[in-house]
Amino acid sequence: FRFKDSLAEDLRSADLVISHAGAGSCLEALEKGKPLVVVINEKLMNNHQLELAKQLHRDGHVICCNCSTLVETLQSMDLTALKPFPPGQPEKFALFLDKVVGFQ
């Protein structure tokens, strides 16, 4: 599909997610505990997606590939090697912001 208002139901029922390396897409899948294969678009200039994908891969949370290696990656991947993504801690940011602004 080209566009959906929400992928929440698709993510809930997915056994595997294959996505581009957009921050929202990656975090949504990882927060749902889904194994994630990130396909990097190497043609983007100033590719911030590449940086995110590489870091998530180094941390063991995703499998990375590009369009030309996707099939090979799917055939050889080991999803058991992936590490769970730690849950966010927005309260830490709120405490930090309170301290910076002087509310503490």
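The values are calculated or read from the model by the stated rules, or taken from the named source; none is laboratory data. Remember, predicted model here, so these are calculated numbers, not experimental data. With ideal geometry, Cβ positions are generated from the backbone for all residues, glycine too; neighbour counts draw on all protein chains shown. For the accessible areas, the whole protein counts, side chains as well, though only heavy atoms, and no ligand, DNA or RNA atoms are used. Shrake-Rupley method; radii C 1.70, N 1.55, O 1.52, S 1.80 Å.
If we scan the stretch 1-15, do we find a residue that is open to solvent by less than 100 Å² (accessible area, probe 1.4 Å) and in contact with a strand residue (DSSP E or B) (Cβ under 6 Å, 6 or more places away or on another chain)?
Step one: of the stretch 1-15, the residues open to solvent by less than 100 Å² (accessible area, probe 1.4 Å) are 4, 6-8, 10-11, 13-14.
Going one step further and asking which of them are in contact with a strand residue (DSSP E or B) (Cβ under 6 Å, 6 or more places away or on another chain), we end up with none.
No.
I need the full set of residues from the stretch 59-104 which are closer than 14 Å to ALA21 by Cα and surrounded by fewer than 11 Cβ atoms within 10 Å (Cβ to Cβ), in order please. Matches in the stretch 59-104: none.
Can you name every residue in the stretch 41-78 that is over 18 Å from the mean Cα position of the chain (by Cα), assigned to a helix (DSSP H, G or I) and not hydrophobic (A, V, I, L, M, F, W, C)? Please lay out each step first, then the result.
The first filter runs over the stretch 41-78 and keeps only residues over 18 Å from the mean Cα position of the chain (by Cα), leaving 43, 45-46, 68-69, 71-72, 75-76.
Still in the list and also assigned to a helix (DSSP H, G or I): 68-69, 71-72, 75-76.
Result: SER68, THR69, GLU72, GLN75, SER76.
Taken over the stretch 16-40, the residue count meeting the criterion of being surrounded by 16 or more Cβ atoms within 10 Å (Cβ to Cβ) and either part of a loop (DSSP other than H, G, I, E, B) or of a type in the set (Phe, Trp, Tyr) (or both) is 3.
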